[in-house]
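Asks: Okay, here's the structure, questions in a sec.
The values are calculated or read from the model by the stated rules, or taken from the named source; none is laboratory data. Small disclaimer: the values here were computed from a predicted structure and weren't measured. We place every Cβ from the backbone using ideal geometry, glycine too, and count neighbours over all the protein chains shown. Just the protein is used for accessible areas: all its heavy atoms, side chains included, with ligands, DNA and RNA removed. Shrake-Rupley method; radii C 1.70, N 1.55, O 1.52, S 1.80 Å.
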Amino acid sequence: MWKSLVGDDEEQGESLLGEDSGGLFSLSPTQRIYGFAACLIAGLACMLLSMIVFAKTIKFALLFTFGNILAVG
């Protein structure tokens, strides 16, 4: 039973990362750095905005959580 599950996963993994992957890894190193910087800046901005609306708990929680997710991503 387990061998069939493992075998199915390996076959699917090979088909996902094989020659048909196309545009999965098509970003250049410069584009990756720009994406990282944009996510980090947006995350920090959301966290700073969350400190401004600290008294409103729902807005604070949403902005702070979204900011952390962006900064980590």
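Asks: Give me the pairs, please: first residue somewhere in segment 27-42 and farther than 19 Å from LEU63 by Cα, second residue anywhere and outside any loop (DSSP other than H, G, I, E, B), beta-carbon distance under 9 Å, and either six or more positions apart or on two chains.
Replies: LEU27/GLY35
Asks: Identify all residues within segment 35-47 that are of a type outside the set (Gly, Ala, Ser) and loosely packed, with under 12 Cβ neighbours inside 10 Å; write none if there are none.
Replies: PHE36, the sole residue that qualifies.
Asks: Tally the residues that are out of contact with any helix residue (DSSP H, G or I) (no Cβ under 6 Å at 6 or more places or on another chain) and loosely packed, with under 12 Cβ neighbours inside 10 Å, restricting the search to segment 62-73.
Replies: 1
Asks: Which pairs turn up if I take residues in segment 50-69 that are assigned to a helix (DSSP H, G or I) and look for partners that are among the charged types (D, E, K, R) and open to solvent by 100 Å² or more (accessible area, probe 1.4 Å) with beta carbon separation below 9 Å, at least 6 apart in sequence or on another chain?
Replies: SER50/LYS59
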